[in-house]
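Only one structure is covered here, and it is reproduced in the block below.
The values are calculated or read from the model by the stated rules, or taken from the named source; none is laboratory data. None of the values given here were measured: they were computed from a predicted structure. FYI the Cβ positions are ideal-geometry reconstructions off the backbone, even for glycines, and counts take in every protein chain you see. Side chains are part of the model used for accessible areas, which takes the heavy atoms of the whole protein and leaves out ligands, DNA and RNA. Shrake-Rupley method; radii C 1.70, N 1.55, O 1.52, S 1.80 Å.
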Amino acid sequence: MADQDQTTIRKIDWKSVFPFMHLFRGFRLAIDPSKLVLALAAILLLYIGGRLMDSIWPTHSRAMNDEIQRYESYSSGRNPLGGDTRRPGIGAFSLSETPVSDFHATRKTAAQERYDGMKSALRSVDKPVDGDTDDLIWAVKVKRDQIITEANEEYAKLPSDQKTDAAKEVRDNKIESAYAFYAAGVNETKRFCGEGLFIHFIEYQINQIDNAAAAAVALDFTGPVGVLSSLQRFFVVAPKWAITQHYVYFTVFFAFYVLVMAIAGGAISRISAVQVARDEKISVRQALRFSTGKVLSFIFAPLIPIIIIAVIALVLGLLSFAMSVDFIGLGGLWSIIVGALFILALIAGLVMTLTALGLAGGGHLMYPTIAVEGSDSFDAVSRSFSYLYARPWQLIFYSAVALVYGAITYLFVRYFIYLVLYLTHCGVGMFMWGDARNGADLMNTIWPSPTSSMNLTYNVNFPALGVGHSAGAFLIATWVYLAIAMLGAFAISLYFSLSTIIYYLLRKEVDATAIDEVYLEPNDEDFAEPVNEPVSETAPIPAPVDAPADPVADAPVANDPPASDQPTGEQRSGEQPQNG
């Protein structure tokens with residue numbers, strides 16, 4: 001019996017068997033320098049823009065101490081000032097009754113009382129003040145200088161035999177307490193005078209990220225400061241506070257944020273789209289040219305669902321308004337009409353629900369749609385919604401895998417940055433000696449040692465440093481915070497990279513489109529890294545069938561090239577025919 005043909009399996013294409021394994025390319029894509037530079041530039045632009053807005057915004061709109069935390073407590077029914085904040089028939093949050101608005105109303109009074117308390121302890125302070133932060137800090141500084149002067153004078157008046165180490169230690173302790181008093185006074189002053197809305201918002205968000213990271217390491221997912229609670233504060237509490245309490249400020253900032261992310265995020269998505277499909281890289285210039293050319297599409301893609309929901313809600317609101325007032329004397333009749341046609345309101349609610357779910361579940365596919373297909377915002381909304389509702393479980397599964405994988409890589413990069421900072425701190429401070437003005441270690445005053453990978457930020461005690469050391473500490477802090485900002489840049493790059501991979505996987509399942517198909521502009525092909533082009537398959541020249549013999553044509557010609565290399569009739573139209 002003849003042997004049958006046998007096939008030996010030498011290699012399994014695991015990515016074809018398990019498509020979600022494509023997501024594991026996310027880390028390699030995210031650490032691409034071009035995408036990190038784009039993400040870092042976006043972070044710096046947002047930070048500079050936010051601080052600029054804080055500097056020009058009216059001081060009476062500054063954020064109070066722990067304002068977001070107090071807003072969260074009030075909106076959940078826990079009044080931080082005591083008592084229950086809920087009233088029967090009233091919503092959970094009323095702007096006129098919140099501790100937030102109370103702080104705004106009493107801030108200047110509290111600041112004035114604080115200043116009066118300082119003034120009573122300072123005989124030399126007679127500067128008029130209206131509760132401004134600079135005036136209060138100036139008063140604390142005067143008190144600090146008085147304590148230092150008195151400590152030095154007391155030590156100088158001692159006889160030579162009494163200037164012992166113990167006496168010197170007493171003087172140093174007084175000086176150290178003076179600087180501690182100054183630091184506490186500055187912090188307390190800021191508590192009453194408030195701080196910029198952007199810096200208050202961003203510090204709260206950074207704290208939630210740190211809490212979520214620490215909780216993930218401790219496997220605390222449902223605790224009061226667990227992963228879910230921290231993410232809920234990050235995505236719900238802080239944005240809700242910004243919209244309801246300072247809507248003018250954050251509307252302006254949100255518009256700036258959308259513009260920056262449309263350009264930077266669109267460019268990152270474009271680079272990822274080409275890398276995933278063709279294993280090639282386009283330049284940052286090419287990516288920025290693509291994102292700026294389609295900036296309106298990137299801007300309006302996530303806004304279109306929001307606009308749809310807002311318009312429908314406004315129409316429903318006008319209907320309820322007509323039922324509430326006696327519209328041209330037909331208030332009761334209008335209520336009957338609205339009640340009879342209330343099925344339309346339910347349909348409108350259904351449309352809003354489907355739109356909101358589409359935005360929440362498929363919003364992260366909009367940028368990749370434009371980047372991969374080269375299309376517009378309407379196509380981005382259409383494809384992201386259709387993929388969500390056509391393959392909901394696949395999208396949920398891919399998103400869950402991306403979330404877990406992204407969290408692991410984020411923690412890895414976070415610890416890596418911490419290790420870089422810690423080893424750098426140890427190396428720089430190895431041979432540094434001396435104390436700051438407050439008696440603390442000079443190196444830790446200029447740059448406090450990183451305590452853990454969950455707490456990378458720090459504050460410099462500039463008053464305890466001289467002019468030169470203060471300038472050095474400022475420059476060191478600039479570079480250190482740029483290194484810390486790389487963590488945020490990695491998170492942004494990873495988000496867009498994983499979203500692009502998920503889009504490719506869903507497009508293949510829904511539209512049966514290969515992953516290696518991507519829209520390319522002519523400039524993309526010119527500047528892409530070279531690859532081995534496949535051999536072009538051209539149609540063979542058919543052989544003549546039943547052609548009559550021609551002795552002249554068949555005669556051999558010296559140095560005659562092969563027939564396949566002869567030019568076509570059009571190419572040799574100007575040549576003279578050869579005679580046999």
Among residues belonging to the range 249-286 that are touching a Pro at 6+ places or on another chain (Cβ under 9 Å) and among the polar types (S, T, N, Q), point out the one that is farthest from residue 52 (Cα to Cα).
-> 272
For helices (runs of 4 or more DSSP H) lying entirely in the range 370-464, having 1 or more residues that are closer than 22 Å to residue 302 by Cβ picks out 377-390, 392-428
Can you find even one residue in the range 145-157 that is modelled with pLDDT of 75 or more, over 30 Å from residue 254 (Cβ atoms) and buried (at least 18 other Cβ atoms within 10 Å of the Cβ)?
-> yes
For residues that are in a loop (DSSP other than H, G, I, E, B), modelled with pLDDT under 70 and within 22 Å of residue 290 (Cβ to Cβ), tally how many sit in the range 494-538.
-> 4
In this structure, does residue 363 turn out to be part of a helix (DSSP H, G or I) and either under 24 Å from the mean Cα position of the chain (by Cα) or at pLDDT 90 or above (or both)?
-> yes
Those residues of the range 402-444 that are modelled with pLDDT of 80 or more, open to solvent by less than 50 Å² (accessible area, probe 1.4 Å) and under 30 Å from residue 149 (Cα atoms) come to a total of 2
Being part of a loop (DSSP other than H, G, I, E, B) and in contact (Cβ under 8 Å) with a residue 24 or more places away in the chain is the filter here, so list the residues in the range 37-70 that pass it.
-> 57, 62, 64, 65
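Can you name every one of the helices (runs of 4 or more DSSP H) wholly within the range 190-272 that holds 3 or more residues which are among the small types (Gly, Ala, Ser) and open to solvent by less than 60 Å² (accessible area, probe 1.4 Å)?
Counting at least 3 such residues, we get 197-217.
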Screening 34, 73 for residues that are open to solvent by less than 20 Å² (accessible area, probe 1.4 Å) and either of a type in the set (A, V, I, L, M, F, W, C) or assigned to a helix (DSSP H, G or I) (or both) leaves only 34
